[in-house]
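To start, the structure under review is shown below, and the notes come after it.
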Amino acid sequence: MATTLAKAADGTQSVDHAARIEHVSKSFAGPAGPQLVLDDISLDVAPGEFVTLLGASGCGKSTLLNLVAGLDAPSAGEISTDGRPALMFQEHALFPWLTAGKNIELALKLGGVPKNDRRDRAEELLELVRLKGSYGKRVHELSGGMRQRVALARALAQDARLLLMDEPFAALDAITRDVLHDELTRIWAETGLSVLFVTHNVREAVRLAQRVVLLSSRPGRVAREWTVGIPQPRRIEDAPVAELSLEITEVLRGEIRRHGQH
Ligand SMILES: Nc1ncnc2c1ncn2[C@@H]1O[C@H](COP(=O)(O)OP(=O)(O)O)[C@@H](O)[C@H]1O
Ligand SMILES: [Mg+2]
């Protein structure tokens with residue numbers, strides 16, 4: 001995957017985007033010939049920016065995220081990222097035979113962190129996701145929310161500049177999800193990471209993002225985007241969050257009606 005570097009006036013190299021998606025289309029083979037899932041998508045994520053990608057189920061959000069992750073190739077168009085992105089999914093995908101700490105250390109090992117530094121770094125990352133003292137816990141001893149915290153720590157262990165998140169909190173209860181929204185916002189602000197976060201939940205999209213990008217369905221296209229100026233930390237029940245969510249929901253409903261899929 002290409003990394004685009006721009007030369008600054010002082011001769012140092014600076015990256016002008018965390019991810020750049022240019023005129024990307026994706027088709028899959030279907031029973032009646034190729035099925036166009038994504039159609040001419042262009043989208044940039046700036047360094048340090050938090051973008052949510054919002055759309056109805058089946059509109060192609062995961063397909064697009066997988067392309068950005070380099071897990072699949074676009075049928076047309078170009079994607080470049082600032083280094084290799086870290087990934088986090090709805091299913092935590094932790095190794096059940098390893099402890100929380102060892103799951104994180106494995107990511108550190110794969111990232112080339114020397115053996116002697118791994119334990120301390122894993123403890124630091126557990127503290128960052130507020131799981132201090134859970135180093136020796138096995139996956140089955142952790143609640144759903146705690147597993148996602150470990151999964152987040154493991155993603156952060158990759159030391160990537162771009163974090164790709166695919167509905168990571170969708171399976172959690174509302175209160176746990178709320179707490180993890182706060183944690184993610186805090187960690188994003190502390191680390192300066194760029195985040196591309198996929199969700200079908202309008203309020204979640206508005207709660208988290210600096211920019212919400214709405215995808216239409218069949219095929220997925222960028223329907224509209226909103227810059228969210230509401231100061232952080234936000235709460236999902238804040239009036240400005242609710243108001244903007246309502247506006248976006250109306251547009252999303254229009255998209256769904258237009259495609260007659262529900
Ligand atoms: N590997 C694949 N082969 C064929 N069709 C696929 C494949 N992956 C996704 N699709 C189709 O692409 C569409 C978008 O899927 P997906 O990206 O998972 O949507 P979302 O994440 O928005 O719910 C769906 O119709 C799905 O069936
Ligand atoms: Mg999906």
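Just a few scattered comments:
- The calculated FRET efficiency for the pair residue 120 and residue 173, based on their C-beta separation and a Förster distance of 30 Å, comes to about 0.35.
- Residue exposure sequence - 22, 190 - by fewest surrounding Cβ within 10 Å: 190, 22
- Sorted fewest first by neighbouring Cβ atoms within 10 angstrom, 165, 146 come out as 146, 165.
- The lysines within cross-link reach of residue 61, meaning a Cα-to-Cα straight distance under 29 Å and a gap of 8 or more places when in the same chain, are 26.
- Other-chain or far-sequence residues with amide H under 5 Å of residue 25's (modelled H): 40, 41, 75, 76, 77
- In sequence order, calculated HN-Hα J values of the stretch 53-58 (Karplus, 6.51, -1.76, 1.60; Hz; x Gly/Pro): 9, 10, x, 5, 4, x
- Fewest-first sequence of 99, 191 by Cβ atoms within 10 Å of each Cβ: 191, 99
- In this structure the amide hydrogen of residue 224, modeled in the peptide plane, comes within under 5 Å of the amide hydrogens of 214, none closer than 5 places in sequence on its chain.
- DSSP bridge orientation in the stretch 77-227 - percent antiparallel, rounded to nearest 5: 40 percent
- Stretch gain in nm, segment residue 251-residue 57, where the contour uses 0.36 nm per residue and the Cα spacing is subtracted: 68.3 nm
- Most fluctuating residue given options 162, 36, 87, as computed from a GNM of the chain linking Cα atoms under 10 Å: 36
- Förster-model FRET efficiency, 45 Å R0, residue 235 and residue 72, C-beta, rounded to 0.05: 0.80
- Sequence-distant contacts, meaning Cα pairs under 8 Å at least 6 residues apart, place the relative contact order of the chain at 24 percent.
- Check: the stretch 109-156 dipole with +1 on Lys, Arg Cβ and -1 on Asp, Glu Cβ, in debye: 160 debye
- Each residue of the stretch 72-85 was assigned a 3J(HN,Hα) from its phi angle through the Karplus curve 6.51 cos²θ - 1.76 cosθ + 1.60 (θ = phi - 60°); the sequence is 8, 10, x, 6, 8, x, 10, 10, 9, 10, 7, x, 7, x Hz, with glycine and proline shown as x.
- Selected from 200, 140, 17 as most flexible by GNM, with the chain as the system and alpha-carbon contacts under 10 Å: 140
- Both radii come from the Cα set of the chain: Rg as radius of gyration, Rh as Kirkwood radius; their ratio Rg/Rh reads 0.98.
- Comparing 231, 219, 74 in a Gaussian network model of the chain where C-alpha atoms under 10 Å apart are linked, the largest mean-square fluctuation is found at 231.
- Distance from the C-alpha centroid of the stretch 217-253 to that of the stretch 142-174: 22 Å, rounded to the whole angstrom.
- Rounded to the nearest 5, the antiparallel percentage of DSSP beta bridges internal to the chain is 55%.
We did not get these values from a lab; they are worked out from the coordinates using the rules stated. Because the structure is a prediction, the values reported are computed rather than measured. Backbone-built Cβ (ideal geometry, glycine too); neighbour counts: all protein chains shown.
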